[in-house]
1. Which pairs have Cβ atoms under 6 Å, sit 6 or more apart or on different chains, and link a residue in the stretch 147-171 that is touching a residue at least 40 places away in the same chain (Cβ under 8 Å) and at positive phi to one that is surrounded by fewer than 20 Cβ atoms within 10 Å (Cβ to Cβ) and outside any helix (DSSP H, G or I)?
2. Which one is modelled with the highest pLDDT, of the residues in the stretch 136-163 that are touching a Gly at 6+ places or on another chain (Cβ under 8 Å) and farther than 21 Å from S60 by Cβ?
3. Condition check: open to solvent by less than 10 Å² (accessible area, probe 1.4 Å) and in a helix (DSSP H, G or I). Does S147 satisfy that?
4. In the stretch 164-179, which residues are within 23 Å of S62 (Cα to Cα) and either open to solvent by 20 Å² or more (accessible area, probe 1.4 Å) or of a type in the set (K, R) (or both)?
5. Looking at the stretch 111-127 only, could you name the residues that are more than 13 Å from the chain's Cα centre (by Cα), buried (at least 20 other Cβ atoms within 10 Å of the Cβ) and in contact (Cβ under 8 Å) with a residue 40 or more places away in the chain?
6. Do we find a residue being free of Cβ contacts under 8 Å to residues at least 12 places away in the same chain, more than 19 Å from A79 (Cβ to Cβ) and either open to solvent by 50 Å² or more (accessible area, probe 1.4 Å) or in contact with an Asp or Glu (Cβ under 9 Å, 6 or more places away or on another chain) (or both) anywhere in the stretch 98-110?
7. Might you let me know whether the stretch 182-190 holds any residue that is surrounded by 15 or more Cβ atoms within 10 Å (Cβ to Cβ), in contact with a strand residue (DSSP E or B) (Cβ under 6 Å, 6 or more places away or on another chain) and at pLDDT 95 or above?
Amino acid sequence: MNFLDSMMYIRFYKKNLKLRLLKKFFDLDFEGRFKEKNPLFNGYEGCYPVGGILRKLKISESDSILDIGCGKGLFLYYARKFKFKKIDGVEYSKELFATAKANAKKIADARIHLFNCDARDFENYADYNFFYLCNPFSKEVMEVVISKILESYESNNRKITVYYQFPFFKDLFADNGFKPKLCTFLHGVFVLEA
């Protein structure tokens, strides 16, 4: 095992330990893997801790974030520690959405709202200036979602920041005018502004 593999294993272990502790002490269910039956969607594994990246993004009380493919809502749990005006999630899977709703109820933060729909059908992208994705779906779906975000930019011209964990389709953002501000294997931050 090389050094990078060792570091990923340690991160994975630390993430899962934290998820177990959240389950044990707060009855928040973010654990486990969920394999989606639809091949366009990647299922759920839970995001890695995001606080370090979010702190670098200079979030204010006027910012709103949408977690696209929110799974069980783990990112929403992390995001609530920041000044976002609105923290919302979209989830395609009815099963994951139900778990996310139960978790959100226990978190009890009035800024969190959830939508059970396909991200391609979601109509309110213009309400957000921050977007989060944890490799939730296929390239085909990502292309549609990026076009929806771009359409929202046309109707509501604002600085858009996309935080993309495991950015396997990062080139799609660059090809559509987003400027990479950070790009590693684990994290990608892309910005679109005039």
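The values are calculated or read from the model by the stated rules, or taken from the named source; none is laboratory data. Everything quoted here is computed from the prediction, not taken from an experiment. Cβ placement follows ideal geometry from the backbone for every residue including glycine, while neighbour counts extend to all protein chains displayed. Accessible surface areas use protein heavy atoms only, side chains included; no ligands, DNA or RNA. Shrake-Rupley method; radii C 1.70, N 1.55, O 1.52, S 1.80 Å.
1. Close Cβ pairs satisfying both conditions: none exist.
2. Of everything passing the filter in the stretch 136-163, L150 is modelled with the highest pLDDT.
3. Values: open to solvent by less than 10 Å² (accessible area, probe 1.4 Å): no; in a helix (DSSP H, G or I): yes.
Considered against the rule, which asks whether it is open to solvent by less than 10 Å² (accessible area, probe 1.4 Å) and in a helix (DSSP H, G or I), S147 comes out as no.
4. As a first pass, look at the stretch 164-179 and keep what is within 23 Å of S62 (Cα to Cα): 164, 178-179.
Within the stretch 164-179, K179 is the sole residue that qualifies.
5. The answer is Y125, and nothing else.
6. Among the residues of the stretch 98-110, at least one is free of Cβ contacts under 8 Å to residues at least 12 places away in the same chain, more than 19 Å from A79 (Cβ to Cβ) and either open to solvent by 50 Å² or more (accessible area, probe 1.4 Å) or in contact with an Asp or Glu (Cβ under 9 Å, 6 or more places away or on another chain) (or both), which makes the answer yes.
7. no
Table: residues versus (1) among the basic types (K, R); (2) under 28 Å from E123 (Cβ atoms); (3) at pLDDT 95 or above; (4) open to solvent by 60 Å² or more (accessible area, probe 1.4 Å).
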{"position": "R20", "(1), (2), (3), (4)": "yes, no, no, yes"}
{"position": "R33", "(1), (2), (3), (4)": "yes, no, no, yes"}
{"position": "G52", "(1), (2), (3), (4)": "no, no, no, no"}
{"position": "S64", "(1), (2), (3), (4)": "no, yes, yes, no"}
{"position": "K86", "(1), (2), (3), (4)": "yes, yes, yes, no"}
